[in-house]
Amino acid sequence: MKYVESINKALDLLISGQDAIVIGEDICDPYGGAFKVTKGLSTKYPNHVLQMPISEAAFVGFGIGMALHGRIVIIEIMFGDFSTLIMDQIVNGASKLVDLYGYSINLNIRLPMGGYRGYGATHSQSIEKMFIGIPGITIYCPHIFSDPFELYNQNLNKSEIGLFIEHKMLYPINLVDKMYKDQYPLLISDLEYFTSVRIIEDESLITVVTYGGVATMALDALIENFILHEINFTLVLLKRIYPLDERIISAIKSKKVLFVEEGSIDGGFGQYYANYINEKDRDYISKVIGSKNTSIYSAESLEKKVLINQGNILDALKELMHI
């Protein structure tokens, strides 16, 4: 099953079993959304999948109102970059409803993030870090090494404000990519909010923590490092980056930890997590890497110079191992 099919399946199940609505731009058939996540749902559930006008602020406000009336609401923002247009509705509106007014709402916002598709400066960013630290918000990041269906099935019907960060490059990819199964006996341990991937059970010399679309890139780098230098590893793939799951400490199997993210590192998840583990144990040696702190270009040659790549991860692994 592909990543996109798994999410579609989760939405289908939620709509069929509960009083849920899905809203967004161009999500109805025959188009089925910019990345085809909602394809077929409007035909099957015409009263539960609603097309919205081109005003993210307006239809997120509408969604908050529906959630206040007891509906389960799933909102698709066509590109995660446009989450800047709903900051007021989410940060100054919805997130305050629980603490200040005692309301319990079920509001889920799907945000396709990430680059590597040549979409340019305003359609290629990974800016989920803007929501880290906002009380009342939960940030999920489904990846391909754990079925997104399970994550969505467990969390879409919670009384919370959930942001679901979906990397655009993952939509057409099969879950637990076949090339890894064919070549390497991966040991995958799937917990509630993170997945641990290893090749052998022996003690790890380095741990890499990441999420979303960087997962396969990080695993490729770690496998190459393992083949060339016999450096055993643990790869921790987060399914929820905020709030931080304190069990992350038990998943980190070494004292050298590399945090990798696609966004720029300033104020990002890597610094947040590195600070946490170092407060727990000063013996940890951590390093954080990400993309360059500049706009993302649409030309492939320039985009490659900005976004993080496998070579960057290999260089960081080499540097960390020699500290």
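Among the residues of segment 1-58 satisfying the criterion of being touching a residue at least 40 places away in the same chain (Cβ under 8 Å) and either in contact with a Ser or Thr (Cβ under 8 Å, 6 or more places away or on another chain) or of a type in the set (Lys, Arg) (or both), which is nearest to GLY70 (Cα to Cα)? Restricting to residues being touching a residue at least 40 places away in the same chain (Cβ under 8 Å) and either in contact with a Ser or Thr (Cβ under 8 Å, 6 or more places away or on another chain) or of a type in the set (Lys, Arg) (or both), the top hit is VAL22.
Checking each residue in segment 30-73 for being in a loop (DSSP other than H, G, I, E, B), charged (D, E, K, R) and over 22 Å from the mean Cα position of the chain (by Cα) picks out only ARG71.
State yes or no: is ILE7 touching a Phe, Trp or Tyr at 6+ places or on another chain (Cβ under 7 Å), closer than 28 Å to HIS143 by Cβ and assigned to a strand (DSSP E or B)? Judged against the criteria, ILE7 is not a match.
Residue check: is ILE27 within 19 Å of LEU156 (Cα to Cα), open to solvent by less than 20 Å² (accessible area, probe 1.4 Å) and assigned to a loop (DSSP other than H, G, I, E, B)? Spelling it out, ILE27 is indeed within 19 Å of LEU156 (Cα to Cα), open to solvent by less than 20 Å² (accessible area, probe 1.4 Å) and assigned to a loop (DSSP other than H, G, I, E, B). Can you confirm whether LEU163 is open to solvent by 10 Å² or more (accessible area, probe 1.4 Å) and in contact with a strand residue (DSSP E or B) (Cβ under 8 Å, 6 or more places away or on another chain)? No. Only one of the numbered conditions (1) assigned to a loop (DSSP other than H, G, I, E, B); (2) open to solvent by 30 Å² or more (accessible area, probe 1.4 Å); (3) within 28 Å of GLN125 (Cα to Cα); (4) of a type in the set (S, T, N, Q) is violated by ASN92, and that is (1). What are the residues in segment 121-137 that are open to solvent by 40 Å² or more (accessible area, probe 1.4 Å), farther than 22 Å from GLY102 by Cβ and in a loop (DSSP other than H, G, I, E, B), if any? Listed by number, the residues that qualify are ALA121, THR122, HIS123, GLN125, GLY133.
Within segment 236-279, the set of residues being part of a helix (DSSP H, G or I) and either farther than 25 Å from LEU187 by Cβ or hydrophobic (A, V, I, L, M, F, W, C) (or both) comprises ILE248, ILE249, ALA251, PHE269, GLN271, TYR272, ALA274, ASN275, TYR276, ILE277, ASN278, GLU279.
MET78 falls short on exactly one of the conditions (1) aliphatic (A, V, I, L, M); (2) assigned to a loop (DSSP other than H, G, I, E, B); (3) modelled with pLDDT under 95, and that condition is (3). Within segment 211-231, restricting attention to residues that are open to solvent by 30 Å² or more (accessible area, probe 1.4 Å) and touching a helix residue (DSSP H, G or I) at 6+ places or on another chain (Cβ under 7 Å), the residue that is farthest from TYR116 (Cα to Cα) is GLU224.
Going through (1) of a type outside the set (Lys, Arg); (2) free of Cβ contacts under 8 Å to residues at least 40 places away in the same chain; (3) not in a helix (DSSP H, G or I) one by one, TYR180 falls short only on (3).
The values are calculated or read from the model by the stated rules, or taken from the named source; none is laboratory data. Just so we're clear, the structure is a prediction, and the values are computed from it rather than from any experiment. With ideal geometry, Cβ positions are generated from the backbone for all residues, glycine too; neighbour counts draw on all protein chains shown. Ligands, DNA and RNA are stripped out before the accessible areas are found, and what is left, the full protein with its side chains, is counted by its heavy atoms. Shrake-Rupley method; radii C 1.70, N 1.55, O 1.52, S 1.80 Å.
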